[in-house]
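K.L.:
Below is a structure I'd like to ask you about.
The values are calculated or read from the model by the stated rules, or taken from the named source; none is laboratory data. In this text the structure is predicted, and so the values were computed from the model without any measurement. Because the Cβ atoms are built from the backbone with ideal geometry, glycine has one as well, and the counts that use them run over all protein chains shown.
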Amino acid sequence: MTHARLPDQGRDAAAILDELDGFAAEDPAYRDGRIWSLVYHLDDAHDDFAHAAYRRYSSANGLNPAAFRSLKRMETDIVSMAAGILRGGPDTCGVLTAGGTESCLLAVKTYRDMARKTRRVSRPNMVIPATAHVAWFKAAEYFGVKPRLLPMTAGHATDIVKLARRIDRNTVMVLGSAPEYPHGTIDPIAEMAGIAAAKGVPVHVDACVGGFILPFMEMNGADLPDWDFRVPGVTSISADLHKYGYAAKGASLILYRDLDLLKHQMFVHQDWPGGVFASPALLGTRPGGAYAAAWAVMQKMGTDGYRDLARRTSEAVEALKAGIAATGGLAVIGNPQGPLLAYRSTDPDLNIFAVADRLEARGWSVNRVQNPDGIHAMVTARHREVTGAYLADLAQAVAEVRADPALADSGSAAAYGMMAHVPLRGMVKSRVLDIFAEMYRAGGGGGVDLHAGGEPGLIDRIATRYVRWKSRRG
Ligand SMILES: *Cc1c(COP(=O)(O)O)cnc(C)c1O
């Protein structure tokens, strides 16, 4: 590999921007609603507005909240507005973070440190559902907090029968999701919080994806279980502004019931030669543009705007659920009540990963989930316009896989099947690490990708191994 070189002479600004535009040619076509994850796009006018707000503060730095008073003011407003949306009380407080993962990592750090300080817990664990977002597993690894998993019931909800027994004196927190990412099911937060509170253990609700849409669905009349600060044992909530808040990327929140909890999140170093240092969250420099865009978008939307988006999203979700139920051999997984869902095959002869490949061949960009295997859809208001086209293509994709079941043993369907089902999980981990690391080789690697669009050699090798493994099992 050769490294790209810094140009000897600086280049023409217009030519550089043109080149940047060209880079996007192979990116997912999010503007026309053909991607079901990663981007929460409304329209170009909304993007322009968020960008205009972002630009005004793109050089501002939230590192020191006493320096850019503008940003602290925006942060306080955003936290206060979110506390209202999430039914907080007068003591609800929080911090603007750069994303859901930062919010989740912080909750684990906070509760680990709180347990260490107030209860001398030195070998911390946390009880989390098997469906918890992967950010929680990352936090577990980063901060040395052992995850104790709550399994799924046969209906793919979180099984809380063993929750009380999973909690011991080293348990620093219990997690519930509203909703969980893999299937969109809302965990039984009130029951979980009751059990945890009785044992004096704090409860975090991961509403990264639900925080800015479930409350508005409820205002629109949806019958949802309580999951927010109305539930007494809930001590903190994470909610992403850059998902259903429709803010620019780089904005999420972690809110706490009171400041005594939030204090354990903060970091102070008084002996640094660079000066006495205090920081509320993970990052040092904090991007001012993300504050401004989040603040501005919330002002522009208002309750009305978010309710309207929630209504359109619910319509799209209902259309998808009905269409999936009407397509033979498919079923929605679990009980999604929010803006996202996943569906699986109920027919052993219909491979769902092969269906995903056929959808991608028709220009849709979809995510796969595993155990049970399924196709995922993060639904936005804009998807209401494309559900008809999507469902028509889904019916075609199903027909194609039924006509040619061998599609399950080729391309990325085979690779995903292998990664989901080969019993040697350590082997999967090390293979994925190899493939992934290759993308970061100095000079750019071979352009590999976990999807079929990447370097064929690696994906083909995984696929071939899967077919061999499956045929050995008969
Ligand atoms: C998206 C998501 C996260 C992580 O958020 P990022 O902004 O992608 O870091 C955490 N939890 C849930 C439930 C999510 O859906």
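K.L.:
Give the residue, chosen from Gly99, Gly94, Gly89, Gly33, that is under 22 Å from Thr303 (Cα atoms) and surrounded by fewer than 23 Cβ atoms within 10 Å (Cβ to Cβ).
P.N.:
Just a single option satisfies the conditions, and that option is Gly89.
K.L.:
Taking the condition of being assigned to a loop (DSSP other than H, G, I, E, B), of a type outside the set (Asp, Glu) and touching a residue at least 24 places away in the same chain (Cβ under 8 Å), how many residues in region 39-86 meet it?
P.N.:
Number of matching residues: 12.
K.L.:
Does region 134-182 hold any residues that are assigned to a loop (DSSP other than H, G, I, E, B) and either within 11 Å of the ligand (Cβ to nearest atom) or of a type in the set (A, V, I, L, M, F, W, C) (or both), and which are they?
P.N.:
Val145, Ala154, Ala157, Ile160, Val161, Ile167, Ala178, Pro179, Glu180, Tyr181, Pro182
K.L.:
Yes or no: region 255-270 includes at least one residue that is surrounded by 24 or more Cβ atoms within 10 Å (Cβ to Cβ) and within 16 Å of the ligand (Cβ to nearest atom).
P.N.:
yes
K.L.:
Look through Arg120, Arg112, Arg148 and report the one residue that is touching a residue at least 40 places away in the same chain (Cβ under 8 Å), surrounded by fewer than 24 Cβ atoms within 10 Å (Cβ to Cβ) and in the same structural domain as Leu262 (by TED's automatic domain parsing).
P.N.:
Exactly one residue qualifies, and that residue is Arg112.
K.L.:
Output the residue which, of all residues in region 276-332 that are part of a strand (DSSP E or B) and of a type in the set (Gly, Ala, Ser), is surrounded by the fewest Cβ atoms within 10 Å (Cβ to Cβ).
P.N.:
Among residues in region 276-332 that are part of a strand (DSSP E or B) and of a type in the set (Gly, Ala, Ser), the one surrounded by the fewest Cβ atoms within 10 Å (Cβ to Cβ) is Ala278.
K.L.:
Out of everything in region 189-220 that is assigned to a loop (DSSP other than H, G, I, E, B) and surrounded by fewer than 20 Cβ atoms within 10 Å (Cβ to Cβ), what residue ends up being nearest to the ligand (Cβ to nearest atom)?
P.N.:
Selected residue: Asn220.
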